[in-house]
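As structure tokens, the structure follows; a few thoughts come after it.
The values are calculated or read from the model by the stated rules, or taken from the named source; none is laboratory data. Worth saying up front: this structure is predicted, and the values here are computed from it rather than measured. Cβ placement follows ideal geometry from the backbone for every residue including glycine, while neighbour counts extend to all protein chains displayed.
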Amino acid sequence: MSLKNQIATQLEHLSDREKKMLFFMTFFLFLSIFYAIYHFSIKKKIDLMNKKIDSYEKTFSKIEVSGEEYLRNKKMQKPKTKKPAEMEVQLYSVIGTLATKNGVDIKSINDKPIPQKTADIIEKQVEVSINKIMLDKLAAFFADIENEESVPLYIKNMNVSVEYSNDTLLNAKILVGTFYKKQVETVVDDKKSSIVKEEKK
């Protein structure tokens, strides 16, 4: 006799009360197995999330320590008096050159119009977006911007966050500015010019 027939024969000999008890026991067994699998899956996800949180905390700690060290070193240095450039600064070109030097892939760079403080000095700012960059590259890029000697550059503000898909990489948005002297246009007086020409004749 097959196992299936044996089970069917055994069930026939059971009373209705025993059949109900067997049904509830079987149902409870399947429910317990399902709960155990579900609980294990949830626990695994929670453990994975806790590991990610720990990793994010470590990364943020590194950024915080690096930022504090950067500010500490900056205070120890003698402040540099940056004078406005004599000619118009091509901000896109300068930042692009520094990015290439440091191996930084700029996602986007956009003008940020700002009110001009004086009539003689033009101030320009751009917002630079960078995605998925290592901390050391980002720090070197920041340092080169502030230490650039060919034109006066400054970092107005920055926003740095950890890349969701890879907690060893960062995303950053920085506001970079510069200022230069307004070019004075030379206007030739037509009357004076004609007088000079007549005198020469």
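Quick notes
- Per the listing Y92, Y38, the residue uniquely over 35 Å from the mean Cα position of the chain (by Cα), among the hydroxyl-bearing types (S, T, Y) and at pLDDT 65 or above is Y38.
- Taken together, D167, D189 contain a single residue that is among the charged types (D, E, K, R), modelled with pLDDT under 90 and not assigned by TED's automatic domain parsing to the domain that holds E123, which is D189.
- Here E146 meets the list (1) farther than 15 Å from I95 by Cβ; (2) acidic (D, E); (3) at pLDDT below 90; (4) surrounded by 13 or more Cβ atoms within 10 Å (Cβ to Cβ) almost entirely, failing just condition (1).
- One residue from L138, L98 being surrounded by 17 or more Cβ atoms within 10 Å (Cβ to Cβ) and at pLDDT 90 or above: L98
- The set of residues from region 142-164 being out of contact with any strand residue (DSSP E or B) (no Cβ under 8 Å at 6 or more places or on another chain) and under 16 Å from G96 (Cβ atoms) comprises D144, E148, S150.
- Residue list for region 108-124, restricted to those being surrounded by 13 or more Cβ atoms within 10 Å (Cβ to Cβ) and either at pLDDT 95 or above or within 14 Å of the chain's Cα centre (by Cα) (or both): I109
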